[in-house]
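J.: A single structure is presented below for examination.
Any read-out appearing in this document is the output of simple, stated calculations on the displayed coordinates, not a laboratory observation. Note that the structure is a prediction, hence the values are computed from the model and not measured. Positions of Cβ are generated from backbone atoms using ideal geometry, with glycine treated the same way; all protein chains shown enter the neighbour counts.
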Amino acid sequence: MSYVITPPATVSVPVVGSQQRFPVGRIYCVGRNYVAHAQEMGFTGREPPFYFIKPSDTCLVVEPGQTASMHYPSLTKDLHHEIELVAAIGIGGKNIKAADAKKHIWGYGVGLDMTRRDLQGEQKKLGRPWCIGKTFDEAAIMGPITPAAQAGDVDKAEIWLQVNGKDRQRSDVTKLIWNIGEIIEHLTTAWELRPGDLIYTGTPEGVAAVVAGDTMTGGVSGLAPISVKVI
Ligand code: MN
């Protein structure tokens with residue numbers, strides 16, 4: 001096969017305890033999936049899960065033990081962090097039942113769903129897609145993936161984010177409105193999951209702005225933490 005232009009490179013994420021890497025397909029993100037975060041965004045009550053997608057080449061990969069650099073994006077004056085537990089899909093499928101969902105998960109990692117909140121807010125008011133607020137270069141930060149068997153009980157893990165060493169977000173994965181199995185059941189009625197897909201499961205309360213010079217460190221207990229400096 002020869003191409004008329006150079007094909008895009010495969011984006012890949014390191015795997016804890018391995019030299020092999022996890023290749024990234026689609027990046028699905030779940031909106032408002034912790035009650036206290038839904039409330040801080042002005043919503044109440046349990047609503048069906050909803051999604052947006054970030055292309056794989058918007059992924060900023062954090063290598064083990066390193067601090068990644070994120071370039072402050074254009075157009076915004078309100079860049080927000082959203083720390084999230086991320087499920088990495090190893091076996092695809094559609095119409096997957098919640099009870100079977102874990103069989104499809106290869107591993108878990110810590111991600112940041114970076115958001116141009118001011119642009120997202122403008123689009124919400126206009127009833128337009130969130131694309132410009134959610135999707136931009138380096139908007140999907142992803143740390144090393146821990147194989148599911150070594151990840152401990154992620155459904156009961158603490159999730160946290162600090163900026164310059166001070167707590168911004170601290171919660172627990174038990175507080176997810178829709179748990180990982182329920183997300184996969186619902187999501188796969190709409191799309192066929194494929195090996196390599198990532199699912200960002202939503203962020204707890206405490207989302208706020210970062211500026212150039214800030215360092216974000218975040219984690220989910222049992223998984224490799226991440227560190228990212230905004231430049
Ligand atoms: Mn999010």
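J.: Grab the strands (runs of 3 or more DSSP E) fully contained in the stretch 7-66, keeping just those with 2 or more residues being farther than 19 Å from Tyr108 by Cβ and not polar (S, T, N, Q).
T.: Numbers: elements: 12-14, 21-23, 27-30, 51-54, 59-61.
Ranges flagged: 51-54.
J.: Can you spot a residue in the stretch 123-146 that is out of contact with any strand residue (DSSP E or B) (no Cβ under 8 Å at 6 or more places or on another chain), surrounded by fewer than 19 Cβ atoms within 10 Å (Cβ to Cβ) and under 18 Å from His37 (Cβ atoms)?
T.: Taking every residue of the stretch 123-146 in turn, at least one turns out to be out of contact with any strand residue (DSSP E or B) (no Cβ under 8 Å at 6 or more places or on another chain), surrounded by fewer than 19 Cβ atoms within 10 Å (Cβ to Cβ) and under 18 Å from His37 (Cβ atoms).
J.: Do any strands (runs of 3 or more DSSP E) entirely within the stretch 99-200 hold 3 or more residues that are of a type outside the set (A, V, I, L, M) and farther than 27 Å from Gly42 by Cβ, and if so, which? Don't jump to the end; show me each part of the working.
T.: On the way: elements: 105-113, 140-142, 158-163, 166-172, 198-200.
In the stretch 99-200, 105-113 are the strands (runs of 3 or more DSSP E) which contain 3 or more residues that are of a type outside the set (A, V, I, L, M) and farther than 27 Å from Gly42 by Cβ.
J.: Taking the stretch 172-217 only, how many residues are hydroxyl-bearing (Ser, Thr, Tyr) and surrounded by fewer than 21 Cβ atoms within 10 Å (Cβ to Cβ)? Show your work before the answer.
T.: To start, the set of residues in the stretch 172-217 that are hydroxyl-bearing (Ser, Thr, Tyr) comprises 174, 188-189, 200-201, 203, 215, 217.
Among the residues that remain, those that are also surrounded by fewer than 21 Cβ atoms within 10 Å (Cβ to Cβ) are: 174, 188-189, 215, 217.
Residues in the stretch 172-217 being hydroxyl-bearing (Ser, Thr, Tyr) and surrounded by fewer than 21 Cβ atoms within 10 Å (Cβ to Cβ): 5 in total.
J.: Mind checking which pairs have a first residue in the stretch 130-150 that is over 27 Å from Ser221 (Cα atoms) and a second that is in a loop (DSSP other than H, G, I, E, B), Cβ under 6 Å, 6 or more apart or different chains?
T.: Between residues of the stretch 130-150 that are over 27 Å from Ser221 (Cα atoms) and residues that are in a loop (DSSP other than H, G, I, E, B), the close pairs are Phe136/Pro73.
J.: Pairs, please: C-beta under 8 Å, at least 6 apart or cross-chain, first residue within 18 Å of Val230 (Cα to Cα) and in the stretch 76-103, second more than 13 Å from the ligand (Cβ to nearest atom) and of a type in the set (D, E, K, R)?
T.: Thr76/Asp118; Lys77/Asp118; Asp78/Asp118; His81/Arg168
J.: Additional query: Has the stretch 71-86 got at least one residue that is small (Gly, Ala, Ser) and touching a Gly at 6+ places or on another chain (Cβ under 9 Å)? Let's see the steps before the verdict.
T.: Residues of the stretch 71-86 that are small (Gly, Ala, Ser), as a first pass: 74.
Now drop any that are not touching a Gly at 6+ places or on another chain (Cβ under 9 Å), which leaves none.
Looking for residues that are small (Gly, Ala, Ser) and touching a Gly at 6+ places or on another chain (Cβ under 9 Å), one finds none in the stretch 71-86, hence no.
J.: Output yes when any residue across the stretch 34-49 is out of contact with any His (no Cβ under 7 Å at 6 or more places or on another chain), within 16 Å of the ligand (Cβ to nearest atom) and closer than 23 Å to Ala148 by Cα, and no when none is.
T.: Yes, there is a match, as at least one residue in the stretch 34-49 is out of contact with any His (no Cβ under 7 Å at 6 or more places or on another chain), within 16 Å of the ligand (Cβ to nearest atom) and closer than 23 Å to Ala148 by Cα.
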